[in-house]
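The values are calculated or read from the model by the stated rules, or taken from the named source; none is laboratory data. Here the structure is a predicted model, which is why all the values come from computation and not from measurement. Here the Cβ positions follow ideal geometry from the backbone for every residue, glycine too, while neighbour counts run over all protein chains shown. Note: accessible area is taken over every heavy atom of the protein model, side chains too, but ligands, DNA and RNA are not part of it. Shrake-Rupley method; radii C 1.70, N 1.55, O 1.52, S 1.80 Å.
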Amino acid sequence: MNFKKVIIVFRKELMEVFRDKRTIFTTLLLPVILYPILIVGFNAIMARQSNVLEEQGATVAVCDSVQTAESMRIINDLSKIENFKFIPASDSVQSLYQSKDIQGIVTIRDSITANGLKVYHVFVQYDAANDRSSMMYSKLAEALQETEQEMVREKLEISGIDPELVNLVDLRERDTADSQKKMGMILGMILPYIMIMMLLTGASVVAADLVAGEKERKTLETLLVAGVRRIDVVIGKYLTIIFMSMVNLIVNLFSISFSLRYMLAQSGLDLAGANMPIKAILILLVAMLPLATLFAAILLSISTFSRNIKEARTYEQPILIISMIMAMISFLPAVEMNSLMALIPVVNIALLFKALMINDYQVSHLLITIISTLVLDVIAIWVTIKLFNTEGILFRSEDDSGGIKSIKKNKRNFFTPYNGLVYYTLALVALYYIGSRWQIQDLTSGLVKTQIILFALPVLVILRLLKMPVAKTLRLKLPSWKQVVLIPFIAIPATILVSLFSQLINVIYPFPESYLESMGKLFELDLPLWGSFLVVAVAPGICEELLFRGFMPRFFEKYGFKINIILIALLFAAFHLDPFRFFPVFLLGLILAYLTLRSGSIVNSMILHILNNGFAIFIMAFSGSAWLNYFMQDQENLRYWVALPAVVILYLALRAFHKVTAKEAELCVE
């Protein structure tokens with residue numbers, strides 16, 4: 001890499017960016033004036049509207065079914081509420097309420113307790129979806145509480161009892177959080193989401209134009225023949241995206257931070273003496289830089305792959321949505337930063353921000369966040385460089401979405417990455433909306449119907465409609481006996497290691513009780529042992545493998561053997577809709593995909609999948625046996641020492657499998 005040429009490309013791209021006056025305005029000037037106008041103006045409007053609502057008051061109908069001095073006193077006290085009008089309830093009171101001529105109906109009744117004490121019940125009918133009606137209820141509730149306290153005090157005095165008797169326990173708070181920490185808590189909830197979105201949107205605006213835009217303008221070829229190596233071009237454009245996204249982030253961050261400070265001060269919160277946590281913000285900006293580089297690499301890859309800006313924008317949408325969802329973790333209570341969370345991109349930055357704002361963070365979490373993000377960044381930029389050096393992708397002109405016309409010409413055109421992602425999305429939607437409903441109604445039949453009707457049947461129907469050979473397409477061929485013999489030696493150690501990995505995750509980030517209960521239901525079906533084995537092990541082992549190791553790999557064959565395995569494992573892990581088991585299932589998915597694509601036979605992965613699920617059933621069924629105590633910590637967790645023999649056996653078995661499938665691997669290059 002020629003650093004001098006990288007800087008030349010970087011300067012050239014910055015000049016192109018800043019030559020556009022709209023970019024300068026939206027990136028540098030707009031945030032400075034937008035947030036003060038929005039936040040300060042919105043705060044003023046909210047305060048004004050609250051006053052307007054109180055000035056409007058309310059008209060309330062009163063139905064006094066008691067007609068005593070106490071009930072009259074309640075009505076008189078309510079009548080003191082400013083701007084409120086109380087009218088006697090008539091036969092048409094409900095029609096007046098429906099037409100909104102009155103905002104509420106108060107009904108007073110009484111009852112006698114077991115001790116002979118008369119209690120007054122005040123029923124308030126109001127519309128919680130109406131702002132004026134809700135305001136009316138809150139005012140009535142406040143007035144009634146004061147009346148109740150006065151009436152209780154008078155009753156006690158009449159009975160010769162000291163009214164202070166009702167205050168035997170005097171609750172007084174001692175809040176140890178200073179105003180600085182309170183402001184940090186509020187900022188830590190709001191700002192991470194905004195910052196991550198600003199970082200991503202700032203990068204996407206520039207990235208889409210740098211490569212996809214140059215393709216549209218036909219200027220990319222000129223740059224490539226200018227005597228600059230492609231890696232220098234990639235790094236120069238990469239630095240441009242990082243620079244612009246960080247500039248956009250910094251401008252937005254400081255503008256919105258000070259605007260929020262004003263809003264919090266006007267909200268009535270005790271923030272006297274609180275200052276903007278500048279030190280925390282500066283530390284966070286350092287941590288945000290790796291995330292900026294990651295977003296830049298991903299978006300540059302998308303821009304390089306896309307034929308035009310419109311296509312790039314289309315591919316950016318899922319990234320934006322996923323990042324938005326992950327960034328929203330800052331709004332969730334009781335979610336704190338730990339070593340596991342520090343490994344998850346976007347999530348780690350959001351939680352780190354919360355910890356930094358209240359000065360309750362660990363340097364180790366900061367380092368893990370930065371290092372893990374940089375590792376992903378290196379992978380992403382490597383992919384970008386590979387794309388930039390692939391002529392067929394860099395100058396891609398054909399539509400690889402596999403349209404109907406192209407499929408009619410050649411059935412094989414159905415198997416494109418675009419169609420694969422569309423089919424995967426539809427299958428995921430069906431699982432979430434249909435399969436989950438079936439399983440809620442009846443877990444056993446729901447599991448079976450999900451596997452057969454949603455996973456396996458559509459695959460077979462599509463291949464029949466396309467008139468494609470089912471057995472060949474899904475790799476439904478018998479493996480050699482040597483392969484089959486090795487599968488148990490791969491399956492059992494792999495299952496043990498995946499289980500231990502899940503245990504480790506549970507130690508670092510404990511699973512919720514509700515989650516453990518739902519998982520336990522899978523192994524507590526009202527079926528004999530063989531029935532549970534068929535439902536939980538055999539059905540998924542066949543149906544899920546037809547989908548994920550038979551059908552889905554065909555869509556991504558163009559990316560090669562290794563990339564195909566990784567993509568299918570990622571899709572398989574995400575398909576389970578289980579964030580706690582994502583990484584364990586991903587590891588298992590790597591092995592399953594390797595077995596099928598290496599040998600050309602889906603039967604191998606079917607056997608391993610069945611053994612994996614069956615192993616869990618076996619452990620649950622015989623967990624109380626004395627001989628299992630040597631391997632089990634308790635009824636659910638394995639002892640960690642079993643990891644060592646499992647790693648050794650798995651390594652030797654995979655190595656042997658690699659050797660016995662050498663000829664099949666040559667035949668599987670399709």
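The figures follow:
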| read-out | value |
| --- | --- |
| Residue check for K85: in a loop (DSSP other than H, G, I, E, B), basic (K, R) and farther than 30 Å from L165 by Cβ | no |
| Output for the stretch 129-158, where each listed residue is modelled with pLDDT of 85 or more, within 17 Å of G57 (Cα to Cα) and either of a type in the set (S, T, Y) or outside any helix (DSSP H, G or I) (or both) | S133, S134, Y137, S138 |
| L454 vs. criteria open to solvent by less than 70 Å² (accessible area, probe 1.4 Å) and either in a helix (DSSP H, G or I) or aliphatic (A, V, I, L, M) (or both) | yes |
| Identity of the residue in the stretch 105-134, among the β-branched types (V, I, T) and surrounded by fewer than 11 Cβ atoms within 10 Å (Cβ to Cβ), that ends up farthest from N76 (Cα to Cα) | T113 |
| Condition met for E636 (at negative phi, modelled with pLDDT under 85 and either within 32 Å of the chain's Cα centre (by Cα) or surrounded by 14 or more Cβ atoms within 10 Å (Cβ to Cβ) (or both)) | yes |
| Boolean, D91 is of a type outside the set (A, V, I, L, M, F, W, C) and not in a strand (DSSP E or B) | yes |
| Checking E311 against (1) in contact with a helix residue (DSSP H, G or I) (Cβ under 6 Å, 6 or more places away or on another chain); (2) under 20 Å from K386 (Cβ atoms); (3) open to solvent by less than 50 Å² (accessible area, probe 1.4 Å), the condition it does not meet | (1) |
| Output for the stretch 367-379, where each listed residue is open to solvent by 30 Å² or more (accessible area, probe 1.4 Å) and within 14 Å of M288 (Cβ to Cβ) | I370, L374 |
| Meets criteria (over 30 Å from L53 (Cβ atoms) and in a helix (DSSP H, G or I)) for A212 | yes |
| Test set (1) open to solvent by less than 70 Å² (accessible area, probe 1.4 Å); (2) under 20 Å from G550 (Cα atoms) - G446 fails condition number | (2) |
| Verdict on A128 being within 30 Å of N252 (Cβ to Cβ), hydrophobic (A, V, I, L, M, F, W, C) and under 42 Å from the mean Cα position of the chain (by Cα) | no |
| The lone exception for L577 - which of (1) modelled with pLDDT under 90; (2) open to solvent by less than 70 Å² (accessible area, probe 1.4 Å); (3) touching a helix residue (DSSP H, G or I) at 6+ places or on another chain (Cβ under 9 Å) it fails | (2) |
| Residue in the stretch 320-363 that is most open to solvent (accessible area, probe 1.4 Å), counting only those that are hydroxyl-bearing (S, T, Y) and in contact (Cβ under 8 Å) with a residue 60 or more places away in the chain | S339 |
| Residue match in the stretch 361-376 (condition: out of contact with any Lys or Arg (no Cβ under 7 Å at 6 or more places or on another chain), in a helix (DSSP H, G or I) and at pLDDT below 80) | no |
| Failed criterion for A226 (all others in (1) in a helix (DSSP H, G or I); (2) open to solvent by 60 Å² or more (accessible area, probe 1.4 Å) hold) | (1) |
| Scan of the stretch 159-200 for residues that are modelled with pLDDT of 75 or more, more than 30 Å from N248 (Cβ to Cβ) and open to solvent by less than 60 Å² (accessible area, probe 1.4 Å), ordered by number | P163 |
| Condition check for Y97: open to solvent by less than 90 Å² (accessible area, probe 1.4 Å), touching a helix residue (DSSP H, G or I) at 6+ places or on another chain (Cβ under 9 Å) and either aromatic (F, W, Y) or free of Cβ contacts under 8 Å to residues at least 24 places away in the same chain (or both) | no |
| Residues being among the basic types (K, R) and under 18 Å from I194 (Cα atoms) - total across the stretch 296-339 | 0 |
| Candidate set: the stretch 243-254, residues that are open to solvent by 20 Å² or more (accessible area, probe 1.4 Å) and either over 21 Å from L191 (Cβ atoms) or in contact with a helix residue (DSSP H, G or I) (Cβ under 6 Å, 6 or more places away or on another chain) (or both); chosen: the one modelled with the lowest pLDDT | V251 |
| Flag if M288 is open to solvent by less than 20 Å² (accessible area, probe 1.4 Å) and farther than 22 Å from K215 by Cβ | yes |
| Of all residues in the stretch 314-344 being small (G, A, S) and in contact with a helix residue (DSSP H, G or I) (Cβ under 9 Å, 6 or more places away or on another chain), the one that is farthest from H365 (Cα to Cα) | S323 |
| Scan of the stretch 71-130 for residues that are touching a Phe, Trp or Tyr at 6+ places or on another chain (Cβ under 8 Å) and not aliphatic (A, V, I, L, M), ordered by number | S71, S79, Q103, G104, T107, R109, D110, Q125, Y126 |
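To keep it simple, each residue is scored yes or no on (1) touching a Leu at 6+ places or on another chain (Cβ under 9 Å); (2) free of Cβ contacts under 8 Å to residues at least 12 places away in the same chain; (3) of a type in the set (F, W, Y); (4) at positive phi.
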position	(1), (2), (3), (4)
P528	no, yes, no, no
A539	yes, no, no, no
F548	yes, no, yes, no
G560	no, yes, no, yes
N564	yes, no, no, no
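Residue-wise test of (1) farther than 21 Å from I453 by Cβ; (2) surrounded by 18 or more Cβ atoms within 10 Å (Cβ to Cβ); (3) out of contact with any helix residue (DSSP H, G or I) (no Cβ under 6 Å at 6 or more places or on another chain).
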position: W530; (1), (2), (3): yes, no, yes
position: M552; (1), (2), (3): no, yes, no
position: I563; (1), (2), (3): yes, no, yes
position: N604; (1), (2), (3): yes, yes, no
position: F615; (1), (2), (3): yes, yes, no
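Each row is one residue, and each column tells you yes or no for (1) at pLDDT 80 or above; (2) part of a loop (DSSP other than H, G, I, E, B); (3) of a type in the set (S, T, N, Q).
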site	(1), (2), (3)
I256	no, no, no
D270	no, yes, no
L282	no, no, no
A292	yes, no, no
L299	yes, no, no
M326	yes, no, no
P333	no, yes, no
N338	no, yes, yes
N348	yes, no, yes
